[in-house]
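**Q** Before we start, here is the structure in question, set down as structure tokens.
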Amino acid sequence: MTSPTADTGAIAFAEKLLALLDYGSFTATYKFAVLLGLIDLCLECSDKSGAAPSVLTTRQLAQKVTELYWPQANVFATAGSTTVLRQCTGGQAEILTEIRRFRAGEVVAAAATPYEARRLAPDGYEALVGRVEWKLIEMPLPRLQVVGNREDPFIYRIGWESDIGIRDVRRGDFDNRILLVGDAGDLLVRLAGLLRPLIHRQWVAMVARINRDVVEDARLEEFMFGVERIPLERVRNPLRELQDNTCFYCGKKMRGPAEVDHFVPWARYPDNSIENLVVTDPGCNSAKRDFLAAAEHAAKWTRRMDHGLPGSRQLAEIAQATGWETRPGGTLSVARAIYLRLPPGAKLWLARNRYVDASRGELKIALSEGVDVGASTDARVGLP
Ligand SMILES: [Zn+2]
């Protein structure tokens, strides 16, 4: 139940967050990465009832931020030039430089996903995440919630100040927790669908501003956050086989081409792991667009991940054979966090031109079968 007071709280929270986005004291784009990273982690670490976590760690955030910057460290090719876009007014943001240095040193192809890079060079990748973690501790985390001269920790509290040195962090008793304030985690999850595109747009605008000399290109947002970069063909046929050549949504045999659909829509949460991918006929795929699918689809999707049923083993085999990312726990947590917060009456997609009202009761049942999920807390600090 959402009370009027709770709504007022959500609006006040959103207003403050917009102020952070607008406030122009940052020379690098880190604040956008930190905010998106926090939103993603709150979604991923939600518990079985969909409740958001109250504690995250700098290590977890560093992993997310590394993934966010990963594609952006690629060369951006325009008609006029090929260049790595600068993400800092005074040159290049160190996190991007670190990612490029890691790729060059470990000979990881630019086209590799972070998941593939971690498999190829686990130690080097961990060290990279450690360096990103230090950057976050030093710079954006202690300064993000300062507007003007005033600090207002309305999202999180941390146990260090902006003058912290790397030695303090290496000492071993460093408290790497990011404590979410009050219901901030819950609000980030509830507002995620609105905040994500807004943060994307602001981030893109800042990068366009910094790189005015090279960028006058509408493809910038696609380059920075797009889904097209990762080709899904590799898993299309194995998934088609897994589904016995039927469309995931309408269940009909597929005679023509099949398409890969993100069950939790990319616009809601960018997730290319095998668990989030289903195969559909072109009709269902284009009709579903960015809608969330109805409870009966969610139930079928959750059953596919159930450890006790053959589907989950086959999914694991597909991931193994294709080297594809797999994370059943995280994907299901995200779905629960999103679905179980839908207001009554929210429209879910059932079939072409057919929508049903979200019912929390139905969705709880649909999403509680299958794998049992614990929050993925990785509390280690592993600085270089
Ligand atoms: Zn279909």
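**Q** Dipole size in debye (nearest 20) for the chain around its Cα centre, Lys and Arg Cβ +1, Asp and Glu Cβ -1?
**A** Values: 49 positive and 48 negative charges, 111 e Å.
Charge dipole of the chain: 540 debye, to the nearest 20.
**Q** Spin-label point model (7 Å from Cα, Cβ direction): what's the D357 to D123 distance in nm?
**A** It is 6.0 nm.
**Q** Explain nothing, just the number: dipole magnitude of the stretch 233-368 about its Cα centre with +1 on each Lys and Arg Cβ and -1 on each Asp and Glu Cβ, in debye rounded to the nearest 20. Can you show the working numbers first?
**A** Details: 21 positive and 15 negative charges, 69 e Å.
Rounded to the nearest 20 debye, it is 340 debye.
**Q** On to the next question. Of the residues A19, A62, A267, which exhibits the maximal mean-square fluctuation in a Gaussian network model of the chain defined by a 10 Å Cα contact cut-off?
**A** Its mean-square fluctuation being the largest, the pick is A19.
**Q** Round to a whole angstrom and tell me the spacing of the C-alpha centers of the stretch 8-65 and the stretch 156-179.
**A** Their Cα centres are 18 Å away from one another.
**Q** Got the relative contact order for the chain handy, in percent, Cα pairs under 8 Å and 6 or more residues apart?
**A** Values: 551 pairs, mean separation 87.9, N = 384.
With pairs under 8 Å counted, the relative contact order is 23 percent.
**Q** At a probe radius of 1.4 Å, what is the per-residue accessible area of R119, in Å² to the nearest 10?
**A** 130
**Q** Quick check on the stretch 1-127: what are the equivalent-ellipsoid semi-axes from the Cα gyration tensor, as sqrt(5λ), descending, whole Å? Please list the in-between numbers first.
**A** Numbers: eigenvalues 207, 88, 28 Å².
The three semi-axes for the stretch 1-127 are 32, 21, 12 Å.
**Q** Using only the heavy atoms of the protein chains and a 1.4 Å probe, how would D271, D163, D306, D244 rank by accessible area, largest first?
**A** Numbers: D271 5, D163 130, D306 40, D244 100 Å².
From most exposed to least exposed: D163, D244, D306, D271.
**Q** Along the charge dipole of the chain, pointing to its positive end and built from +1/-1 on Cβ of Lys, Arg, Asp and Glu, which listed residue (A293, A28, P114) has its Cα farthest out?
**A** Going by the charge dipole, the pick is A293.
**Q** Something else about it: Could you give the length gained on full extension between A316 and D163, defined as 0.36 nm per residue of separation minus the Cα-Cα distance, in nm?
**A** Details: separation 153, 0.36 × 153 = 55.08 nm, distance 4.56 nm.
Full-extension gain reported as 50.5 nm.
**Q** Pairs of Cα atoms under 8 Å, at least six residues apart: use those to get the relative contact order of the stretch 212-339, whole percent. Present the calculation step by step, with values, prior to reporting the outcome.
**A** Values: 123 pairs, mean separation 29.8, N = 128.
Reported as a whole number, the value is 23 percent.
**Q** Please compute the alpha carbon radius of gyration of the stretch 165-214, then divide it by the globular-protein estimate 2.2 N^0.38 Å. Two decimals is fine. It would help to have the intermediate numbers written out before the result.
**A** Numbers: Rg = 17.5 Å, N = 50, 2.2 N^0.38 = 9.7 Å.
Against the compact-globule rule of thumb, the ratio is 1.80.
**Q** Can you give me the distance in nm between label points at T246 and H307, each placed 7 Å from the Cα along the Cα-to-Cβ direction?
**A** Computed distance between label sites T246 and H307 equals 2.7 nm.
**Q** If R0 is 30 Å, what FRET efficiency do you get for S286 and I365 from their C-beta distance, rounded to 0.05? Let's see the in-between values first.
**A** On the way: r = 29 Å, r/R0 = 0.97.
Calculated transfer efficiency: 0.55.
**Q** Given a Förster radius of 41 Å and the C-beta distance between L194 and R171 as r, what FRET efficiency does 1/(1 + (r/R0)^6) yield to the nearest 0.05?
**A** Numbers: r = 40 Å, r/R0 = 0.98.
Calculated transfer efficiency: 0.55.
**Q** In debye to the nearest 20, how big a dipole does the stretch 4-225 give about its Cα centre with +1 on each Lys and Arg Cβ and -1 on each Asp and Glu Cβ? Show your work: numbers first, answer last.
**A** Numbers: 26 positive and 29 negative charges, 65 e Å.
Once rounded to the nearest 20, the dipole reads 320 debye.
**Q** Find the percent of Cα-Cα distances in the stretch 233-368 that exceed 19 Å, and round it to a whole number. Let's see the in-between values first.
**A** On the way: 4305 of 9180 pairs.
Percentage above 19 Å: 47.
**Q** Which net charge results when you count Lys and Arg as +1 and Asp and Glu as -1 among the other residues whose beta-carbon is under 14 Å from that of Y30?
**A** +2
**Q** Separate question: For the stretch 233-368, give the percent of accessible area contributed by carbon and sulfur heavy atoms, probe 1.4 Å, rounded to a whole number.
**A** Working: 3100 of 6090 Å².
Of all accessible area on the stretch 233-368, carbon and sulfur atoms account for 51 percent.
**Q** Once the dipole of the stretch 233-368 is set up with Lys and Arg at +1 and Asp and Glu at -1 on Cβ about the Cα centre, which of P257, T302, W349 lies farthest towards its positive end?
**A** Selected residue: W349.
**Q** What number, rounded to the nearest 500 deg cm²/dmol, is the helix-based mean residue ellipticity at 222 nm of the chain, given -39500 (n - 2.57) per DSSP H run of at least four residues and division by all its residues? Walk me through the numbers on the way to the answer.
**A** Values: 16 runs with 185 residues, N = 384.
Using -39500 (n - 2.57) per qualifying helix, the result is -15000 deg cm²/dmol.
**Q** Also: Compute a Gaussian network model of the chain, connecting alpha carbons closer than 10 Å, and tell me which residue from T280, T78, T326 fluctuates the most.
**A** So, out of T280, T78, T326, the one fluctuating most is T78.
**Q** Now, a different point. Excluding ligands and nucleic acids, what accessible area in Å² is computed for H307 using a 1.4 Å probe, to the nearest 10?
**A** 140
**Q** Also: How long is the stretch 292-348 along each principal axis, judged by its Cα atoms, biggest number first, in Å?
**A** Its Cα atoms span 41, 19, 16 Å along the three principal axes.
**Q** Shifting gears a bit: Can you give me the accessible area per residue for the stretch 279-325, using a 1.4 Å probe, in Å²?
**A** Working: 2090 Å² over 47 residues.
Per residue, the stretch 279-325 has an accessible area of 45 Å².
**Q** Could you work out the per residue convex hull volume over the alpha carbons of the stretch 22-88, in cubic angstrom?
**A** Numbers: hull volume 8.9 nm³, N = 67.
Enclosed volume per residue, from the Cα hull, is 133 Å³.
**Q** What translational D, rounded to a whole number of µm²/s, comes out for the stretch 219-308 from Stokes-Einstein when the hydrodynamic radius is the Kirkwood one over Cα pairs, at 37 °C and 0.692 mPa s?
**A** On the way: Rh = 13.7 Å.
Roughly 239 µm²/s, to the nearest whole number.
**Q** May I ask for log10 I(q)/I(0) of the chain at q = 0.06, 0.08, 0.09, 0.12 Å⁻¹, from a Debye sum over the Cα atoms as equal point scatterers with solvent left out?
**A** Debye intensities relative to I(0), on a log10 scale: -0.24, -0.43, -0.54, -1.00.
**Q** Same structure, new question: May I ask you to give the percent of accessible area on the stretch 4-225 that is carbon plus sulfur, with a probe radius of 1.4 Å?
**A** On the way: 5030 of 9760 Å².
The nonpolar share, carbon plus sulfur, comes to 52 percent.
**Q** Same structure again: Suppose accessible area is computed on protein heavy atoms with a 1.4 Å probe; arrange K300, K48 from highest to lowest.
**A** K48, K300
**Q** Counting only GluC sites (Glu not before Pro) that are in a DSSP loop and have at most 10 other C-beta atoms within 10 Å, tell me the longest site-free stretch of the chain.
**A** Values: sites that count: E161, E228.
Longest site-free region, per DSSP loop and neighbour criteria: 1-160.
**Q** Taking 0.36 nm per residue of separation and subtracting the Cα-Cα distance, what length does fully extending A111 through E222 add?
**A** On the way: separation 111, 0.36 × 111 = 39.96 nm, distance 1.54 nm.
Gain in length upon complete extension: 38.4 nm.
**Q** Separate question: Scan the chain and note any complete DSSP helix (H) whose C-alpha atoms cover at least 30 Å along its axis and whose Kyte-Doolittle average is 0.0 or more. The partial results should precede the final answer.
**A** Working: long enough: 184-210 (33 Å, 0.81).
Helices meeting the criterion: 184-210.
**Q** Considering Cα pairs under 8 angstrom that are at least six residues apart, work out the relative contact order of the stretch 4-225 and quote it in whole percent.
**A** Numbers: 239 pairs, mean separation 65.4, N = 222.
Relative contact order comes out at 29 percent.
**Q** Taking the Cα-to-Cβ direction at A346 and at R236 and moving 7 Å from each Cα, how far apart do the two end points lie in nm?
**A** If labels sit at A346 and R236, their model points lie 3.1 nm apart.
**Q** If you take the charge dipole of the chain about its Cα centre, with +1 on Lys and Arg Cβ and -1 on Asp and Glu Cβ, which of P238, L363, Q92 is farthest toward its positive end?
**A** Looking along the dipole axis, the top candidate is P238.
The values are calculated or read from the model by the stated rules, or taken from the named source; none is laboratory data. From a predicted model like this one, the values you see are computed outputs, not experimental measurements. FYI the Cβ positions are ideal-geometry reconstructions off the backbone, even for glycines, and counts take in every protein chain you see. Calculation scope for accessible area: heavy atoms of the full protein, side chains included, ligands and nucleic acids excluded. Shrake-Rupley method; radii C 1.70, N 1.55, O 1.52, S 1.80 Å.
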